Amino acid sequence: RRIALVAPTSADVRDVMVKGVSGIMACSPPWNEPEYMPSTRSLRWPNGAEAITFSADEPDRLRGYNFDGAWLDELASWRYLQEAWDNLLLCMRHGADPRIVATTTPRPLPLIRALHKDPTCVVVKASTFDNVDNLAPTFLSQIVTRYEGTGLGRQELEAEVLDDTPGALWTRGLLEQHRVRERPKVITRI
């Protein structure tokens with residue numbers, strides 16, 4: 001297997017995905033722990049599988065590789081989301097059935113919306129409450145007290161993709177309906 005590991009920054013890949021408390025090194029059983037080689041930005045498992053780490057801040061670095069698997073973390077916070085996604089897709093050409101796993105907060109971004117509508121994409125939602133056994137009780141009580149019942153709480157606690165802020169004067173649908181597709185010949189200041 002050849003796997004791409006992509007996070008918002010190089011530090012995020014290293015500190016969260018590879019070396020974090022829930023990262024690959026911490027979750028791997030001793031008999032199948034990969035060797036982490038920071039100088040080559042890679043991990044190699046005893047069975048020969050290899051993962052290469054990438055920063056989504058450098059989308060062009062994803063060019064030219066061949067992968068049959070990818071793990072993308074915090075997709076909705078990538079600065080160059082569409083460019084990095086497009087370059088990664090062009091690399092997903094190895095093996096019989098290349099797969100991508102993306103873990104992210106469900107922000108209402110065009111790519112996140114498109115993935116939710118894609119019939120080849122399986123969306124798995126988990127709320128903060130599904131993970132209570134792994135969270136500090138003080139964190140849980142503070143975060144629930146502060147955000148439960150709010151829009152941010154619905155997004156962060158309940159894993160909902162929010163369309164509009166309740167009571168908003170300008171809705172996403174209204175903006176899209178009136179979006180200018182071409183630059184007018186004459187622009188008037190109003």
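The values are calculated or read from the model by the stated rules, or taken from the named source; none is laboratory data. Given the structure is predicted, the values throughout are model-derived calculations rather than measurements. Here Cβ is always computed from backbone atoms with ideal geometry, including for glycine, and neighbour counts include all displayed protein chains. Heavy atoms of the whole protein, side chains included, go into the accessibility calculation; ligands, DNA and RNA do not. Shrake-Rupley method; radii C 1.70, N 1.55, O 1.52, S 1.80 Å.
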Restricting attention to segment 99-120, which residues are farther than 20 Å from residue 17 by Cα and touching a strand residue (DSSP E or B) at 6+ places or on another chain (Cβ under 8 Å)? 115
Qualifying positions in segment 80-97 - at pLDDT 95 or above and among the charged types (D, E, K, R): 83, 86
Taking segment 34-79 only, how many residues are touching a residue at least 60 places away in the same chain (Cβ under 8 Å) and open to solvent by 20 Å² or more (accessible area, probe 1.4 Å)? 7
Could you check segment 1-26 and list, in sequence order, the residues that are among the acidic types (Asp, Glu) and buried (at least 17 other Cβ atoms within 10 Å of the Cβ)? 12
If only one of 101, 18, 13 is among the β-branched types (Val, Ile, Thr), over 14 Å from the mean Cα position of the chain (by Cα) and within 28 Å of residue 155 (Cα to Cα), which one is it? 18
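Report yes if some residue within segment 85-97 is acidic (Asp, Glu) and within 30 Å of residue 171 (Cα to Cα); otherwise report no. Even if it seems obvious, please write down each step before you answer.
Initially, segment 85-97 is screened for residues acidic (Asp, Glu), giving 86, 97.
If we keep only those that are within 30 Å of residue 171 (Cα to Cα) too, we end up with 86.
Yes, because at least one residue in segment 85-97 is acidic (Asp, Glu) and within 30 Å of residue 171 (Cα to Cα).
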